[in-house]
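Below you'll find the structure, written out as structure tokens, and then a few comments.
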Amino acid sequence: MSGGMFETAQPADDVEQLYRETREALTAYFLRRHRSTHAAEDLLHETFLQLMRRVDCCRAASSPRGYLFGIARHVSADAWRRAKPPGEDDTSLASVAAPQPDPRLAVARETIAGLPPLQREVLDLRFQHDLSYAEIAEALGIPVGTVRSRLHNALELLRERLEQE
Amino acid sequence: MSPETLRALLVDRELGELAPDVAELVDAYLEAVPAARTEADAMARTVSAARDTVRHFPDLAPTSETEAEPQVIPIFYWLAPWLARAAALVAVAALAGWLGYRTGQTTGPSGPMQAGGATATRVGDSRFTGLWTQYQVAYDSRRGAFIVATQQ
């Protein structure tokens, strides 16, 4: 086949290692947001494709994992902008809520649902995906101090509400 | 230590974000101060509730692009409110200066004066007592001109 040229980029070892380390976490990240395993897989691949285009930036980042979650965040947002409502997929993620929620969780859920999206994002990255302050800062492109203050404010409000109950 | 500082440290401690030497100091403080220990326990329960809730309810994760952070150089982000105030002051000063200039063009020792389509009139109205009430500007639709009244 003349004229056709396919570039086959061999992923660098560090990117491959990053993939192995973060694949599950990123899949869970996309599952929570898109409720579909197919969508989660596609978005995971899209994330790493984007990473390969800017692998030097990732290596230069203070936290490669945080940088990768930052890419995932944008990939997820782009997918939402392009697409249809989430999953009539047969592999859609069913609600994991237990039928009889703990009253403490019910209050906490209501409180967290009322928080601004940026605070919920920080809570999600910390408590669901176990990112450190520095990784969250890298992912969201904000200072570490901002991450701390958002988290502290959210927890302070949550504590007040829980103590009222 | 202020309560706010303590609570912030307790959150960081609970999340494992304190440097080891700072964590040791905080632990020592909690042993020495029972009230602080109570705060730490309350914060631990709060963090636990937050973790359980976030994991239990995936719909709490924001699903669309959240508000973008301001795409400005940080120093301008810090200066922006001050620049806005400075710009507002300059605008007010310029307006006041222009009004004063226009009034100066049209006022005289007595009686109305015509200048550039505006008529200035002196009034002995006790309501005109301050700098900003020294002039009043009104539009006379019969004459199609502005009337500027000044403090006597």
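What follows is calculated from the coordinates using simple rules that are stated; it is not laboratory data. These numbers come from a predicted model, not from an experiment. Ideal geometry is used to build each Cβ from the backbone, glycine not excepted, and the neighbour counts take in all protein chains shown.
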Relative contact order for the stretch B:3-60, counting Cα pairs under 8 Å that sit 6 or more residues apart, in percent: 37
Where only alpha carbons of the stretch A:11-93 are counted, the Rg and the Dmax (Å): 12.9, 40
Residues with amide H under 5 Å from that of A:SER36, placed H, sequence gap 5 or more: A:LEU93
Under the Karplus curve 6.51 cos²θ - 1.76 cosθ + 1.60, θ = phi - 60°, whole-Hz ³J(HN,Hα) for the stretch A:56-68, x wherever Gly or Pro sits: 5, 4, 5, 5, 7, 5, 5, 9, x, 5, x, 4, 5
Difference of contour (0.36 nm per residue) and Cα-Cα distance, B:ALA23 to B:ALA84: 17.7 nm
Least to most buried among B:SER48, A:SER63 (fewest other Cβ within 10 Å first): B:SER48, A:SER63
Average other protein chain Cβ within 10 Å of Cβ, residues B:11-19: 3
Phi to ³J(HN,Hα) by Karplus 6.51 cos²θ - 1.76 cosθ + 1.60 over the stretch A:120-126, Hz, x for Gly, Pro: 5, 4, 5, 4, 5, 5, 7
Least to most buried among B:ASP12, B:ASP41 (fewest other Cβ within 10 Å first): B:ASP41, B:ASP12
Placed amide H near B:ALA145: partners under 5 Å, 5+ positions off or other chain: B:ASP140
Order of A:ILE136, A:ILE112, B:ILE147 - criterion: other Cβ atoms within 10 Å of each residue's Cβ, fewest first: B:ILE147, A:ILE112, A:ILE136
Rh by Kirkwood over Cα pairs, then Stokes-Einstein D for the stretch B:3-60 at 1.567 mPa s and 4 °C, µm²/s: 107
